[in-house]
Amino acid sequence: MQWDDARMFLALARAGSFSAAAKRLGVQHSTISRRIHALEKDLATPLLERSASGYVLTDAGEELRESAARIEREFLSFEAASTGQSDDPSGELRVTAIANMASSVLMPLFARFSTAYPNIDLRVEVTNDSVRLAERDADVALRQTNTPGETLIGTRLTTVASAVYGSIEYCAALAAGHAPEKWIGVDCCEYHRTWTKQARPQLDHSFCVDDTALTAAALKEGLGVGYLPCFMGDREPTLVRFREPEKRHELGLWLLYHSDLRSTKRVILFRQHMRREMERISTLFEGTAPTATKL
C-alpha cells in the first residue's frame, strides 16, 4: 500500500465526502474517487458504503482509518524532530480563522508572516464552525472562546470585546426621540444571538442577518442597532456605540493546535509571530482603541 493512498482515504474518512476530501488535499474530486476505488480493488475489500447522508466506513474502512491515523502521527513526530533543527523552515501550514477577522485585521499579520518565511506555504481557511484539530482539519485554529478544548494546546492572544452599534444618524434620532428603538436580529454566532435575545427579549426583529459583515452593512443603513465585535464596529466611521462593551461579553481569542504539533517549527514560528503582532493591536480587539465613536 502507498502512503499517499492511505492519506487520501484518511482525508475522505474525516471529511465524509469526496468533494470535501479533495478540497482538503488540494486535488481533483476524480483523483480521490479513482485512488480510493483502486485501493479497494487492491485490498479486495470494500472500505465505504453509500448511505442516505453520504458515505460511511465499513469495518475494514474503520481499521484502515485507525492504521492511517497512527502512521500520520508517526510522520508528524518525525517531522517535528527533523525540522526542529532546520534554520530554513518549510512546508504547508493550514490556519483556520473566523471570516470577519481573517479578511480584515488579521490579513496584514498573515501577510507579514508569509513575507518573513517565504518557504512556508501559508494556507488560510475561514469557518465559524468547530474545527477538529485532532483529525487535522487544520494545523492551527484562531478561535473566540472562554473554554478551549482540553485536548488542545493554546495561547490566549488577546480579549475580544463586543458592543452595540448603530449608525450615527439613527442613534441621534433615537436620542432625540424621533425614532423607535429597533434591534437587528443577529444570528452570526451563539454569543451574539444569545446577547441579542437578552437585550431584546421580545424578539420583535423586522430585519435579521446571519453574518457580522451583514450586521455591519445593515447598521450602516440605519436599520436598527445590534452587536458587533469592537474590532469591526470601531473601525466603521459611520457607526457609533449605542451601548458600551460589558465585561461579561468578553471572549478570549485563542491560537489553538494539537499536542502532536507542539514541536513543529512552522507552528512555533507562527505562534511567536502572532503573539508579537497581537500585542501591538490588542486595544483594537479589547475595545479600548481611541478610534471608537461613542454616543
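What the table below lists for this structure:
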read-out	value
Residue check for Val56: in the same structural domain as Ala141 (by TED's automatic domain parsing), not aromatic (Phe, Trp, Tyr) and not in a helix (DSSP H, G or I)	no
Qualifying residue in the range 223-233 (condition: free of Cβ contacts under 8 Å to residues at least 60 places away in the same chain and on the phi > 0 side of the Ramachandran plot)	yes
Failed condition for Ala111, given (1) surrounded by 13 or more Cβ atoms within 10 Å (Cβ to Cβ); (2) out of contact with any strand residue (DSSP E or B) (no Cβ under 8 Å at 6 or more places or on another chain); (3) modelled with pLDDT of 90 or more; (4) closer than 30 Å to Cys188 by Cα	(1)
Odd one out for Lys265, checked against (1) assigned by TED's automatic domain parsing to the domain that holds Ala116; (2) modelled with pLDDT of 95 or more	(2)
Filtered residue count, the range 70-93, keeping only those that are at pLDDT 80 or above and surrounded by fewer than 17 Cβ atoms within 10 Å (Cβ to Cβ)	6
Filter pass, Glu63 being of a type outside the set (A, V, I, L, M), surrounded by 13 or more Cβ atoms within 10 Å (Cβ to Cβ) and farther than 23 Å from Asp139 by Cβ	yes
Some residue of the range 170-190 being at pLDDT below 95, part of a helix (DSSP H, G or I) and under 30 Å from Arg276 (Cα atoms)	yes
Single residue of the range 253-288 satisfying the filter (of a type in the set (Ser, Thr, Tyr) and in a helix (DSSP H, G or I)) that is farthest from Asp234 (Cα to Cα)	Ser259
Count of the range 1-23 residues which are surrounded by 19 or more Cβ atoms within 10 Å (Cβ to Cβ) and free of Cβ contacts under 8 Å to residues at least 60 places away in the same chain	9
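Let's see how each residue does on (1) part of a helix (DSSP H, G or I); (2) closer than 24 Å to Arg73 by Cβ:
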{"site": "Asp4", "(1), (2)": "yes, yes"}
{"site": "Met8", "(1), (2)": "yes, yes"}
{"site": "Leu12", "(1), (2)": "yes, yes"}
{"site": "Ser19", "(1), (2)": "yes, no"}
{"site": "Ala22", "(1), (2)": "yes, yes"}
{"site": "Arg35", "(1), (2)": "yes, yes"}
{"site": "Lys41", "(1), (2)": "yes, no"}
{"site": "Glu49", "(1), (2)": "no, no"}
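This table checks each residue for (1) of a type outside the set (Ser, Thr, Tyr); (2) modelled with pLDDT of 85 or more; (3) within 27 Å of Asp139 (Cα to Cα).
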{"site": "Arg7", "(1), (2), (3)": "yes, yes, yes"}
{"site": "Gly16", "(1), (2), (3)": "yes, no, yes"}
{"site": "Gly26", "(1), (2), (3)": "yes, no, yes"}
{"site": "Thr31", "(1), (2), (3)": "no, yes, yes"}
{"site": "Pro46", "(1), (2), (3)": "yes, yes, no"}
{"site": "Ser51", "(1), (2), (3)": "no, no, no"}
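Matching residues to (1) surrounded by fewer than 20 Cβ atoms within 10 Å (Cβ to Cβ); (2) over 30 Å from Phe75 (Cβ atoms):
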| position | (1), (2) |
| --- | --- |
| Ala216 | no, yes |
| Gly224 | no, yes |
| Pro245 | no, yes |
| Glu250 | yes, yes |
| Ser263 | yes, no |
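The values are calculated or read from the model by the stated rules, or taken from the named source; none is laboratory data. Keep in mind that this is a model prediction, so the values were computed, not measured. No Cβ is skipped: glycine too gets one built from the backbone with ideal geometry, and neighbour counts run over all protein chains shown.
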